[in-house]
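**Student:** Starting off with a structure, shown below.
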Amino acid sequence: MSNEQEMADVSDRKLSVADLAQEINRAFPDLKCLRCGGEKFFLSRQSVMGPISQTEDGVARIAGGHLETVALSCPRCGFVEQHLVKILLEAPKPIPVVNSDGRDRPL
Ligand SMILES: [Zn+2]
């Protein structure tokens, strides 16, 4: 993870990239690249502009405006995954992985 100390205003909290890395580690203790299985990532703060559709508690909705995200980039294969920071911060951790049958998969 990068040690970049850039600050951002997220949900009324000042979070550094190191803080976001800690949240990622708490959310996904066994994090691996979804494409190549690599275990190291570069972390960077990004944003997406709305509208964006997202699913929360099984309800699809459209949100507008500027949404802050954190991107994990794999230095091995180049795959990038991106998380909406607000949802990542609010999710109970660790976040269980859901199987295709809808049931949580043990970590
Ligand atoms: Zn990879």
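Here, each number is a calculation from the coordinates, and none is a lab measurement. Values in this document were obtained by computation on a predicted structure and should not be read as measured data. Don't worry about glycine lacking a Cβ; one is built from the backbone with ideal geometry, like all the others, and counts go over all protein chains shown.
**Student:** Search the structure for amide H atoms under 5 Å from the amide H of LYS93, placed 1.01 Å from N in the peptide plane, and list their residues when 5 or more places away or on another chain.
**Tutor:** When sequence neighbours closer than 5 places are left aside, there are no close amide H contacts.
**Student:** Could you list which residues have their amide H under 5 Å from that of GLN46, counting only those 5 or more apart in sequence or on another chain, with H placed in the peptide plane?
**Tutor:** It is THR69, VAL70, ALA71, by chain and number.
**Student:** Here is a follow-up. To make sure I understand, if each residue's beta carbon is the centre and we count other beta carbons within 10 Å, what order do SER100, SER73 fall in, fewest to most?
**Tutor:** Ascending Cβ contact count within 10 Å gives the list SER100, SER73.
**Student:** Okay, next question. If each residue's Cβ is checked for other Cβ atoms within 10 Å, how do VAL97, VAL80, VAL17 rank with the fewest at the top?
**Tutor:** VAL97, VAL80, VAL17
**Student:** So for CYS74, CYS36, fewest C-beta neighbours within 10 Å to most, what's the order?
**Tutor:** Listing CYS74, CYS36 from fewest to most nearby Cβ atoms yields CYS36, CYS74.
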